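K.L.:
I'd like to ask some things about the structure below.
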Amino acid sequence: MRVLVTAGASGIGHAIAAAFSAEGAEVWICDIDQAALDTAFTDDANVTARRTDVSDVNQVAALFEEIHRGGALDVLVNNAGIGGPTGPIETMEPVDWQRTLQVNLFSDFLCCREALPGMKARGAGSIINISSTAGIMGYPLRSPYAAAKWGVVGLTKSLAMEVGPSGIRVNAICPGPILGDRMERVLAQESAARGRPTAEIKDEYTRQTSLRSWIDGSEIADMAVFLASEKARHISGQIIGVDGNTETLGM
């Protein structure tokens, strides 16, 4: 099995890449963070790492040209994403809004565009898009992030219909609040925007889920491996929450 995980050097992407490697897959990861790439999977012969900005057309094309020298991908995991700005929409800069959609949605299009010809030629493949609970609910003060993640859901549903006849499955995972550095940054931004202590906002996130829980990145990885497996051969077009059942988001 040949797998690409975007933004695979840290966080959820690292967990997903590690899980596929543990299954014996040939794993490619890309990331914009060279420092993270330098320390990720240094002792894992199954993993090949390349620095790539997946919102850049030319960089994505160059990455796939290298990957495809060894054959088509079996699995594409579109994991790259940024939190984007936090605040009332009238205070946001257009460049920040645009960058959020470029990284969180446009990159998925670019990678799917490059991966699909090889998958179609083989008559098989699995695309797993990482959306968010913000992709199925409103998210005040995080409008560009929510808009992008709703877009990922729309892309997933549409693409599953488009490529299903070619034997390719497309699904999306919607993580809840994930333990880790990225979410700590989000909490700090929300604390500043709302004028409330970070600890209160973190507790609010906990209470927004039915299970009163935060999610570990390994749980997203487990779902990704399952969706790529033969056990999920008839699962496509699905938007799957791994989130403790989020009841509400935001203020």
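The values are calculated or read from the model by the stated rules, or taken from the named source; none is laboratory data. From a predicted model like this one, the values you see are computed outputs, not experimental measurements. Cβ: placed from backbone, ideal geometry, glycine included. Neighbour counts: every protein chain shown.
K.L.:
Would you pick out the residues in region 67-97 that are touching a Leu at 6+ places or on another chain (Cβ under 8 Å) and either more than 22 Å from MET183 (Cβ to Cβ) or among the hydrophobic types (A, V, I, L, M, F, W, C) (or both)?
P.N.:
Residues satisfying the conditions are ILE67, LEU73, VAL75, LEU76, VAL77.
K.L.:
Say we look at region 180-220 and pick out the residues that are of a type in the set (A, V, I, L, M, F, W, C) and surrounded by fewer than 14 Cβ atoms within 10 Å (Cβ to Cβ); which of these is farthest from GLY151 (Cα to Cα)?
P.N.:
Applying the filter and picking the extreme gives ALA199.
K.L.:
Quick test of your reading of the structure: THR206 fulfils all but one of (1) modelled with pLDDT under 95; (2) of a type in the set (S, T, N, Q); (3) within 24 Å of GLU162 (Cβ to Cβ). Name the failing condition by number.
P.N.:
The one condition THR206 does not meet is (3).
K.L.:
Among VAL54, VAL3, VAL75, VAL27, which is free of Cβ contacts under 8 Å to residues at least 40 places away in the same chain, surrounded by 17 or more Cβ atoms within 10 Å (Cβ to Cβ) and of a type outside the set (Gly, Ala, Ser)?
P.N.:
From the options VAL54, VAL3, VAL75, VAL27, the qualifying one is VAL27.
K.L.:
Right, another one. All but one of (1) of a type in the set (Val, Ile, Thr); (2) modelled with pLDDT of 95 or more; (3) closer than 20 Å to ALA80 by Cβ hold for VAL163; which doesn't?
P.N.:
(3)
K.L.:
So PHE64 passes all but one of these: (1) surrounded by fewer than 17 Cβ atoms within 10 Å (Cβ to Cβ); (2) within 25 Å of ALA228 (Cα to Cα); (3) touching a residue at least 40 places away in the same chain (Cβ under 8 Å). Which condition number does it fail?
P.N.:
(1)
K.L.:
Hey, GLN189 hits all of (1) farther than 21 Å from ASN245 by Cβ; (2) without any contact (Cβ under 8 Å) to a residue 60 or more places away in the chain but one; which does it fall short on?
P.N.:
(2)
K.L.:
On the given criteria, is VAL47 surrounded by 17 or more Cβ atoms within 10 Å (Cβ to Cβ) and not basic (Lys, Arg)?
P.N.:
When the stated conditions are applied, VAL47 passes them.
K.L.:
Collect the residues in region 114-136 that are over 17 Å from the mean Cα position of the chain (by Cα) and assigned to a loop (DSSP other than H, G, I, E, B), keeping them in residue-number order.
P.N.:
GLY123, ALA124
K.L.:
So which of VAL60, VAL47 is within 18 Å of the chain's Cα centre (by Cα) and either more than 15 Å from ALA9 (Cα to Cα) or not aromatic (Phe, Trp, Tyr) (or both)?
P.N.:
Every option except VAL60 fails the conditions.
K.L.:
How about region 6-24: which of its residues are over 13 Å from GLY81 (Cα atoms) and either in contact (Cβ under 8 Å) with a residue 24 or more places away in the chain or hydroxyl-bearing (Ser, Thr, Tyr) (or both)?
P.N.:
HIS14, ALA15, ILE16, ALA17, ALA18, ALA19, PHE20, SER21, GLU23
K.L.:
Quick one: in region 228-251, which of the residues that are surrounded by fewer than 16 Cβ atoms within 10 Å (Cβ to Cβ) and of a type in the set (S, T, N, Q) is nearest to SER21 (Cα to Cα)?
P.N.:
SER229
K.L.:
In this structure, is ARG196 at pLDDT below 90 and not hydrophobic (A, V, I, L, M, F, W, C)?
P.N.:
yes
K.L.:
Somewhere in region 198-220, is a residue within 25 Å of GLY154 (Cβ to Cβ) and either touching a Lys or Arg at 6+ places or on another chain (Cβ under 9 Å) or among the aliphatic types (A, V, I, L, M) (or both)?
P.N.:
yes
K.L.:
Can you spot a residue in region 17-35 that is hydroxyl-bearing (Ser, Thr, Tyr) and at pLDDT below 95?
P.N.:
Checking region 17-35: not a single residue is hydroxyl-bearing (Ser, Thr, Tyr) and at pLDDT below 95.
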